[in-house]
Each structure stands twice: as C-alpha cells, then as structure tokens.
Amino acid sequence: MFHSILVPLDISESRLTHQVIPYVQANAAIDNASVHFLTVIPSLPYYSSLGLAYSIETPKLAEIQQHALAKLDELVKQFNLPADKVHTHAISGSPKDQILKLADSIRADLIIIASHRPDISTYLLGSNAAVVVRHATCPVLVVR
Ligand code: ADP
C-alpha cells in the first residue's frame with residue numbers, strides 16, 4: 001500500500017517530531033516502506049538580492065546544510081526504522097515548495113506531517129501543512 005513515505009520535519013521543533021513517530025512507524029510497517037525524512041532550510045533571499053549568493057551565501061549554506069543533516073540524522077534515530085529503509089534530505093528553499101517537490105521526485109505515496117506548533121492554537125493548520133494538504137498529489141496524513 002505505502003512504498004515511499006515522505007516525512008518533513010522542522011528540526012527546530014522537536015515536539016512535532018515526537019507527535020509523528022508512532023504514525024510513521026505504523027504506516028512504514030504495513031509494506032516495509034522506504035521513509036524519506038526532509039528538513040528544509042529557509043533560503044536567504046536578502047543576500048541573493050544583493051548578488052552575494054555565490055560569494056558569501058554558498059559556502060555558509062553548505063555548512064548549514066551539513067549541520068541540518070546531522071541534526072536530522074539524530075532525530076531520525078528516534079523512529080527506530082530499519083537503516084536500509086531510511087533516507088535523509090536537507091534542502092534549502094521554501095519548506096512547502098520543497099516538500100511538494102521532493103514528494104514528486106521520490107514518487108511518495110504518503111506524506112506524514114504535523115498540523116502546526118502546539119503552542120499556536122488559534123488555527124488548525126500551519127502555513128506549510130496547509131499548502132501541502134492542498135497541493136499534494138498523494139494522500140497526506142496530518143497529525144494533530
Ligand atoms: P507552524 O507555522 O505552526 O510552524 P507549519 O505548517 O510550518 O506550522 O509546520 C507543520 C509541519 O510542516 C511541521 O511539523 C513539518 O512537518 C512541516 N515543516 C514546517 N517547516 C518545515 C521545514 N523547515 N522543513 C521540513 N518540514 C517543515
């Protein structure tokens with residue numbers, strides 16, 4: 001049923017990660033799915049607009065990307081999934097756009113996403129979760 005599952009994680013918000021763990025484990029176990037974890041590093045449009053993207057931003061971004069991937073790898077250990085089924089991605093850009101783009105390229109048949117930060121209770125879906133639910137071409141499991 002599910003062969004390729006995408007789990008976008010905001011690495012700055014570990015409470016959201018804990019929320020999704022049982023749902024990822026249960027759905028991955030159904031068909032021994034590959035699970036792709038993604039964290040998106042918001043891009044720095046200000047530097048790009050000054051034309052500094054290639055002189056200053058690029059080396060720093062590579063460093064940030066390395067740190068983000070290391071933190072993501074740490075978080076992913078908590079999911080206790082078979083190592084050969086786990087893939088991690090740290091990509092810069094807009095979280096919602098990159099989530100949808102990776103979902104297409106890995107042909108995700110399920111996206112598992114937390115609804116929003118627990119301390120923001122005035123709305124039902126965060127801005128990234130809302131766009132993913134609206135535009136994804138596969139089922140999306142929203143964890144509240
Ligand atoms: P909020 O605005 O309350 O933070 P979001 O819609 O941004 O709500 O976050 C909900 C979910 O969207 C997160 O749990 C995560 O799954 C995904 N998400 C948000 N930001 C990122 C990010 N930078 N990288 C990967 N996934 C993200």
Scope the range 3-43; condition open to solvent by less than 20 Å² (accessible area, probe 1.4 Å), out of contact with any Asp or Glu (no Cβ under 6 Å at 6 or more places or on another chain), at pLDDT 95 or above and hydroxyl-bearing (S, T, Y); matching residues:
T39
Residues of the range 98-120 being under 23 Å from P22 (Cβ atoms) and more than 10 Å from the ligand (Cβ to nearest atom), which ones?
A103, I106, A108, D109, L110
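If a residue must be touching a Ser or Thr at 6+ places or on another chain (Cβ under 6 Å) and within 7 Å of the ligand (Cβ to nearest atom), how many such residues does the range 121-142 contain?
Within the range 121-142, the subset touching a Ser or Thr at 6+ places or on another chain (Cβ under 6 Å) is 125, 129, 142.
Adding the requirement that they be within 7 Å of the ligand (Cβ to nearest atom) leaves 125, 129.
Matching residues across the range 121-142 total 2.
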Considering residues of the range 89-134 that are outside any strand (DSSP E or B) and among the β-branched types (V, I, T) only, the residue nearest to A68 (Cα to Cα):
I99
Hey, Q66 hits all of (1) exposed (fewer than 12 other Cβ atoms within 10 Å of the Cβ); (2) over 16 Å from S43 (Cα atoms); (3) at pLDDT below 95 but one; which does it fall short on?
(2)
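Return yes when V133 is at pLDDT 95 or above and open to solvent by less than 50 Å² (accessible area, probe 1.4 Å) and no when it is not. Quick ask: steps written out before the conclusion?
Values: at pLDDT 95 or above: yes; open to solvent by less than 50 Å² (accessible area, probe 1.4 Å): no.
No, not satisfied.
If the requirement is being in contact (Cβ under 8 Å) with a residue 40 or more places away in the chain and farther than 12 Å from T39 by Cα, which of these qualifies: I112, I91?
Criteria check complete, one pass: I112.
The values are calculated or read from the model by the stated rules, or taken from the named source; none is laboratory data. The shown structure was predicted, so the numbers you read here are calculated from the model rather than taken from an experiment. FYI the Cβ positions are ideal-geometry reconstructions off the backbone, even for glycines, and counts take in every protein chain you see. Keep in mind that these areas ignore ligands, DNA and RNA; they rest on the heavy atoms of the full protein, side chains included. Shrake-Rupley method; radii C 1.70, N 1.55, O 1.52, S 1.80 Å.
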